[in-house]
Amino acid sequence: MSELIHFLVSGQTVIVGDGLTSSVVFRRGDTLEITDHIIELNTDREGKCALLLTADEQFEKWGSVRFAPGEFPATELHYEPNSFELRRAREAARQEAHRIADADKRMSALAGVEARFGPAPRTDTEMGLFYR
């Protein structure tokens, strides 16, 4: 058996070999080739391997879907939603767009930033609720 899965969230640990550095913590967007050896290494006492769980089984076990079959979609961002990394990448793309001298091209580039990364994050904060 040999198939690919891609990770939808960061932090999933998988045993990939024997020895001291046998575990890898995967990040969103990483792809792993599932082999018989990896299945054997990640099989629990009940004979189940978490890497073979369906999306419904993952949701039942963890409350979220952590991986899916195949390569990570090229149209998806490798950043966790609402993460610092996503905000930093969005800001870098926004700053690069603002460096464009031509106004029409700059506006087009800024629209591209919003299309790729979504709308700008909120800048206001709510410190708490106050009651009278």
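So what's the net charge close to residue 57: Lys and Arg +1, Asp and Glu -1, counting the other residues with Cβ under 12 Å from its Cβ? Net of charged neighbours comes to +1. The residues neighbouring residue 79, those whose beta-carbon lies less than 10 Å from its own, together hold a net charge of +2 under the Lys/Arg +1, Asp/Glu -1 convention.
When the charge dipole of the chain is built from unit charges on Cβ atoms (+1 for Lys and Arg, -1 for Asp and Glu) and taken about the Cα centre, the candidate among 62, 42, 14 whose Cα reaches farthest toward its positive end is 62. Checking (1) 12, 46, 36, 6, 0; (2) 10, 29, 24, 19, 13, 4, 0; (3) 15, 47, 32, 7, 0 against the coordinates, the calculated P(r) over Cα pairs in 10 Å bins from 0, in percent falls under label (2).
Which residues make up the longest stretch of the chain clear of chymotrypsin sites (Phe, Trp or Tyr not before Pro) that lie in a DSSP loop with no more than 14 other Cβ atoms within 10 Å, not counting the sites? It works out to 1-129.
Return a whole-number percent for the relative contact order of the chain, with Cα pairs under 8 Å and 6 or more residues apart as the contact set. Relative contact order here is 22 percent. Across region 2-67, C-alpha contacts under 8 Å between residues 6 or more apart give a mean separation that, scaled by the residue count, equals a relative contact order of 34 percent.
Report the gain in length on full extension from residue 33 to residue 54: 0.36 nm times residue separation, minus Cα-Cα distance, nm rounded to one decimal. Gain in length upon complete extension: 5.9 nm.
Summing charges over all other residues whose Cβ lies under 15 Å from the Cβ of residue 118, with Lys and Arg as +1 and Asp and Glu as -1, gives +1.
Given +1 at the Cβ of Lys and Arg, -1 at the Cβ of Asp and Glu and no other charges, the dipole of region 28-132 around its Cα centre is 700 debye to the nearest 20. In terms of other Cβ atoms within 10 Å, 106, 88 run from fewest to most in the order 88, 106.
Throughout, read-outs are computed from the coordinates displayed, never taken from laboratory work. Remember, predicted model here, so these are calculated numbers, not experimental data. Cβ coordinates were reconstructed from backbone atoms using ideal geometry, including for glycine residues, and neighbour counts include every protein chain displayed.
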